[in-house]
Amino acid sequence: MEERTAAFRLITGPEGLREAARALAGARRVGLDIEATGLSPLDARMRLLQLAAGGETFVVDVFEVKDLSPLREALEGGPLKVLHNAKYDYSFLLAQHGIRLSPLFDTMLAAQLLDGGEQGPSYSLEAVAGRYLQETVDKTARREDWSKELSREQLEYAARDAAILLPLHERLQELLEREGLGPVSRIEFGAVPAIAEMELAGIRLDVRRWRELERVVRRRRDEAARRLESHFPQPEGVLPLEGLGPRLNLNSPQQIMEAFRSIGIELPDTRMWTLLTVDHPAARDLLEYRELQKKLGTYLETYEGFVHPKTGRIHASFLQCRVPTGRLACTNPNVQQIPHEDEFRRCFVAGEGNVLVIADYSQIELRILAEVSGDPGFVEAFRRGEDLHRVTAATMFGVPKEEVTKEQRSAAKRINFGLAYGRGPRSLAAQLGTDEERARRLIDEYFATYGRVQRYLNETANRALKEGALRTLSGRLRKFGRTRGLSSAERGALKREAMNYPIQGTSADIAKLALIFIHSELRDLDARLINCIHDEFVVECAEEQAEEAASRVRSAMVRAGERLLKRVPVEVEVAVSREWRK
DNA sequence: TAGCAGCGCCAC
DNA sequence: AAACGTGGCGCTGCTA
């Protein structure tokens, strides 16, 4: 049955839904919001669908109207759908009604882009509406129970959330265009479906292999612990019951420092870097213990808890606009930080009858540096398809390319990667295991060869200090809050951040474009994205479509890269495997 | 008991 | 004195 008020129209039956569909069909844009009984589309149930268009707001009770197909045409195309945190609504509509919202405008992402990476206090709808409209929005109803009989107040709040999206869109759209953020906002909005579907697809963990690895690593960890403890004097007054006495906690840096002191070794801290310089077997044993303990605690003992009971897969969350550089962040769990060793990655497998297509950009950050600096040495090396590290080594050390030694190439590689992070001579010296003077000379020689790179990095750092903001090739904005009255340490840190931003940020631009293109290329295949690790994409697909999927993923990624890189070619490496390894 | 800072380390 | 950019997260040890 239907109810009318001035504010909204409650829809509980198919006739009302058809009327709503007609209203949407004629609209240019629709404010859209949902209410659900929880956060996960795999566990919670969608309760309300609110649609604001053409001066009307429809509130659909999805418990009553179970079939939303009359709305499909308007939701999967046609008018612009304006949402706040679109990934949430997109996931529910896809998982529970098979509807893929398009096209999208996300007011949360818009607000985050406008802030240029300086995370505002909150990006809730009420906060954003409060900031950009002269209205206050009360969201007390948000925390209420959406599974029972709904109060008039709840329905009104729900309707208001959808309605307010329209004026908010108008304002944010205007600001995005004015700030030159139109192109990057279209990348972000376009990537929402790819990211939502990647989360829904999830990743399969071979639990048997994982448990076996856990046993092996635990045994190694226990051995390392025994060796480590044997270096230190036994605590006095050990109780007769073995193991109950006060024991050294190997996970406590504080206690470890004390233990080292007790054998005459004074440590400033217990970091890996520090421990590597300590000439005592206890330092080696501690490093080994730490590594194994990290792998047990962070991965082996916790990941099974993330396997969803309904899907048997791990559904991580990807955060689209949390990182100032534009990269994705990932949590619950962070599947972007799984150890790279084969013994770990081989536990992440394709489902029955499927394979994984693993594709990554080859040296994308260095290609971006070549592009933005325009350095002829860099650009030409990439154009000729040469091994850039070898070329760098040859020029730095003044030897023919064929005579470059392993050590020389490795040093060049470390400089190549390090300078994108604003690395200095001291830290380079430490990594190369040489003295600071030699490191400084290497850097000087490097910049003598690649003068445009040096000039670009300096100019970028200075521009950040002067203008307080930088942009990537897509126009993504990053503001640098305070640039005056900085200590020299703060100034140095800001300069390094600044030098890195256009590189890392443009890489993120390309990755998000690639997400859009890959998602769209795979639409008519039995294939889907399951992970994205900055410049690497993992797709799971039916075995017999592997070749086709691999070729489409590659061309989508190349197209994304070439959209932003004009002077330098883009290369992608693709592998097909049942396991996540190349 | 929950929340948080500091330390330390995994990824790119 | 400074030290390599972006994150998430486990553990300790403290506080409210």
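Tabulated results
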| item | result |
| --- | --- |
| Percent of C-alpha pairs per 10 Å bin, the stretch A:1-77, short to long | 19, 54, 25, 2 |
| Neighbourhood net charge (12 Å Cβ-Cβ; Lys/Arg +1, Asp/Glu -1) for A:GLY505 | +2 |
| Computed [θ] at 222 nm, helices only, for chain A once each DSSP H run of length n ≥ 4 contributes -39500 (n - 2.57) | -15500 deg cm²/dmol |
| Whole-angstrom gap from the stretch A:389-425 to the stretch A:325-358, using each part's C-alpha centre | 31 Å |
| Over 32 Å between alpha carbons, listed pairs A:LYS87/A:LYS310; A:LYS294/A:LYS582; A:LYS81/A:LYS295; A:LYS406/A:LYS582; A:LYS310/A:LYS479; A:LYS295/A:LYS566 | A:LYS81/A:LYS295; A:LYS310/A:LYS479; A:LYS295/A:LYS566 |
| Relative packing of A:12-18, A:550-556, which averages over residues the other C-beta atoms within 10 Å, highest first | A:550-556, A:12-18 |
| Added length on full extension, which subtracts the Cα-Cα distance from 0.36 nm per residue, A:ARG152 to A:LEU276 | 38.1 nm |
| For the stretch A:2-179: relative contact order, % (alpha-carbon pairs under 8 angstrom, 6 or more apart) | 24 percent |
| Alpha-carbon centroid distance for the pair the stretch A:538-582 / the stretch A:461-494, whole angstrom | 34 Å |
| Ranked packing of A:150-158, A:258-266, most packed first, by mean Cβ within 10 Å | A:150-158, A:258-266 |
| Chain A, relative contact order [Cα under 8 Å, separation at least 6], % | 14 percent |
| Rel. contact order, % - alpha carbon contacts under 8 angstrom, at least six apart, the stretch A:207-303 | 39 percent |
| Net dipole in debye of the stretch A:1-67 [+1 Lys, Arg Cβ; -1 Asp, Glu Cβ; about Cα centre; nearest 20] | 260 debye |
| Summed residue charge, Cβ within 9 Å of A:GLU118's Cβ, Lys/Arg positive, Asp/Glu negative | +1 |
| Protection proxy ranking, peptides A:528-535, A:350-357, A:249-256, A:466-473, average beta carbon neighbours within 10 Å, highest first | A:528-535, A:350-357, A:466-473, A:249-256 |
| Student exercise, chain A dipole from Lys, Arg, Asp, Glu Cβ charges, in Debye to nearest 20 | 1360 debye |
| Within-15-Å neighbourhood charge of A:ALA546 [Cβ basis; K, R +1; D, E -1] | -4 |
| Simple label model, 7 Å out from Cα along Cβ direction - A:LYS66 to A:GLU177, nm | 4.5 nm |
| Cα convex hull of chain A, projected area averaged across orientations, nm² | 32.6 nm² |
| Nitroxide proxy distance, nm - points 7 Å out along Cα→Cβ at A:ASN332 and A:ASP526 | 3.1 nm |
| Candidate lysines - alpha carbon under 24 Å from A:LYS401, same-chain residues fewer than 8 apart omitted | A:LYS413 |
| Degrees between helix A:86-97 axis and first principal axis of chain A (Cα, 0 to 90, nearest 10) | 60 degrees |
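Readers should treat all values here as calculations from the given coordinates under stated rules, not as data from a laboratory. Since the structure is predicted, the reported quantities are computational estimates derived from the model, not experimental observations. Backbone-built Cβ (ideal geometry, glycine too); neighbour counts: all protein chains shown.
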